[in-house]
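*Asks:* Here's a structure for you.
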Amino acid sequence: MDDLERRLREDAKAIRPEVPPEMAARIASSVRGVRALPPARREFSWPLWLAASLTGAAAATVAIVSLNRGGVEDPAPLPAETVAEAMPDYIRDFERQLPLRAKTADLTAPLEEELKNLRSDLERAKENVEEDLDFTF
Amino acid sequence: MRDVRPRQQERFEKTVPTDAELVAQTIRGSTTSFEHLVERYQARLLRFLITRCTSRADAEDAMQDAFINAYRYLESYDPRWQFSTWLYRIAIRNAAENAKRQATVAADAAEDAPDVLEECIQDAERENLWLTAKRLLSQDAYTAMWLRYAEDMPVKEVARALGRPQSWTRVALLRARRRLAMALGDDDAAGKESKAYG
């Protein structure tokens, strides 16, 4: 127990409100006029359960039937031209400006470095919090 | 010579019913058992409510409401909790509702009224730390401090009484202690605790 904790306990003991002698009798007479309530319970209702189940089953049946009604269509034939041929000119111009041939490692290295730093920060913060919690409680 | 003290103590413990026993007897219809619970907790509960309410009358009303509600819903009480935790939870909720109701009505009157907590402090050679805490801390943090250090509740029970997660309660206690330590000029304690939060 540290000094602050000791002072808090001591000062709490110095707070001594007098309980009026008639207080217990006042509460007792109030309690006699009160009816204790049973804990709230949800009663099981068969008709409600049956109605809910039937509604659910009917909804599922309607959904399955409506989805299968149209039948399976053949996939549309692919166009004869290749993707490269179908690409508009402005995209080709844009493609020339971007380093699309860069290696994956070049792009992910800064992110990996950042992740490493964040992890180490997190670890340090966790250690500090654990240390303080041990100290206090 | 035989030592009779343990036997006397055992007999004494047998004659004093526990909270759980009194609750069970009340549920079976004994209002006298509930009156024992009232006698057991009324002083502690009033002391706690005095620190939260603006007047003594409000604190007494809040205490009466807490006991009546506890009796009314006693069958919903979960014996895995301590009875005191459950009672404090009801009292905290009642006091908060009363305060909200009165906030709009008596906002001006409360400023001029003397602090009820100050009136109840005895043997004061210096300012009571709970008065300082009341000025500095939020109501939830203050309540957490009170339950932990004045009522000696474990953190788990404090969290339950407040209806908050344990992690929140731990952090609130830590921050409250840091603020109090700083107010008291205890740089060592404040510095050590503030390390976790930069």
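*Asks:* Pairs under 6 Å by beta carbon, first residue more than 7 Å from chain A (Cβ to nearest Cβ) in the range B:63-76, partner of a type in the set (A, V, I, L, M, F, W, C) and surrounded by 18 or more Cβ atoms within 10 Å (Cβ to Cβ), six or more apart or different chains?
*Replies:* From the range B:63-76, the pairs are B:Met63/B:Leu45; B:Met63/B:Leu46; B:Met63/B:Leu49; B:Ala66/B:Ile90; B:Ala66/B:Ala91; B:Asn69/B:Ile90; B:Ala70/B:Leu87; B:Ala70/B:Ile90.
*Asks:* Something else about it: Filter the range B:133-186 for residues that are under 19 Å from B:Ala99 (Cα atoms) and touching a residue at least 60 places away in the same chain (Cβ under 8 Å); which is surrounded by the fewest Cβ atoms within 10 Å (Cβ to Cβ)?
*Replies:* B:Gly163
*Asks:* Continuing with this model, one more query. Could you go through the range A:64-85 and let me know if any residue there is among the acidic types (Asp, Glu), assigned to a helix (DSSP H, G or I) and at pLDDT 75 or above. Full working, then the answer.
*Replies:* Pass one, the range A:64-85, residues among the acidic types (Asp, Glu): A:73-74, A:81, A:85.
Of the ones still in play, those that are also assigned to a helix (DSSP H, G or I) are A:85.
Now restrict to residues that are at pLDDT 75 or above: none.
Among the residues of the range A:64-85, not one is among the acidic types (Asp, Glu), assigned to a helix (DSSP H, G or I) and at pLDDT 75 or above, which makes the answer no.
*Asks:* Could you tell me which residue of the range B:22-52 is surrounded by the fewest Cβ atoms within 10 Å (Cβ to Cβ), considering only residues that are in contact (Cβ under 8 Å) with a residue 60 or more places away in the chain and within 9 Å of chain A (Cβ to nearest Cβ)?
*Replies:* B:Arg47
For (1) modelled with pLDDT of 90 or more; (2) in contact with a helix residue (DSSP H, G or I) (Cβ under 8 Å, 6 or more places away or on another chain); (3) not aliphatic (A, V, I, L, M), each residue gets a yes or a no:
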site: B:Leu137; (1), (2), (3): yes, yes, no
site: B:Thr143; (1), (2), (3): yes, yes, yes
site: B:Arg148; (1), (2), (3): yes, yes, yes
site: B:Ser167; (1), (2), (3): yes, no, yes
site: B:Gly185; (1), (2), (3): no, no, yes
site: B:Lys192; (1), (2), (3): no, yes, yes
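*Asks:* Shifting gears a bit: So in the range B:53-62, with the set limited to residues that are of a type outside the set (A, V, I, L, M) and more than 10 Å from chain A (Cβ to nearest Cβ), which one is farthest from B:Ile92 (Cα to Cα)?
*Replies:* Taking the range B:53-62 as the starting set, the residues that turn out to be of a type outside the set (A, V, I, L, M) are B:53-56, B:58, B:60-61.
Checking the rest, the ones that are also more than 10 Å from chain A (Cβ to nearest Cβ) come to B:53-55, B:58, B:61.
Values: B:Cys53: 10, B:Thr54: 14, B:Ser55: 16, B:Asp58: 13, B:Asp61: 13 Å.
Among residues in the range B:53-62 that are of a type outside the set (A, V, I, L, M) and more than 10 Å from chain A (Cβ to nearest Cβ), the one farthest from B:Ile92 (Cα to Cα) is B:Ser55.
*Asks:* Next up: Quickly run through the range B:65-81 and pick out the residues that are over 13 Å from B:Leu37 (Cα atoms), of a type outside the set (Ser, Thr, Tyr) and surrounded by fewer than 19 Cβ atoms within 10 Å (Cβ to Cβ).
*Replies:* Going residue by residue through the range B:65-81, those that are over 13 Å from B:Leu37 (Cα atoms) are B:65, B:69, B:72-73, B:75-81.
In the following step, the residues that additionally are of a type outside the set (Ser, Thr, Tyr) were identified as B:65, B:69, B:72, B:75, B:78-81.
Selection gives B:Asn69, B:Arg72, B:Glu75, B:Asp78, B:Pro79, B:Arg80, B:Trp81.
*Asks:* Right, next: Somewhere in the range B:99-115, is a residue within 22 Å of B:Gln64 (Cα to Cα), within 13 Å of another protein chain (Cβ to nearest Cβ) and modelled with pLDDT under 90? Can you show your working first?
*Replies:* First pass over the range B:99-115, keeping only residues within 22 Å of B:Gln64 (Cα to Cα): B:99-103, B:105-106, B:110, B:115.
Still in the running and within 13 Å of another protein chain (Cβ to nearest Cβ): B:115.
Next, from what is left, pick out any that are modelled with pLDDT under 90: B:115.
The answer is yes, given that some residue of the range B:99-115 is within 22 Å of B:Gln64 (Cα to Cα), within 13 Å of another protein chain (Cβ to nearest Cβ) and modelled with pLDDT under 90.
The values are calculated or read from the model by the stated rules, or taken from the named source; none is laboratory data. Everything quoted here is computed from the prediction, not taken from an experiment. Glycine also receives a Cβ, built like all others from the backbone with ideal geometry; neighbour counts cover every protein chain displayed.
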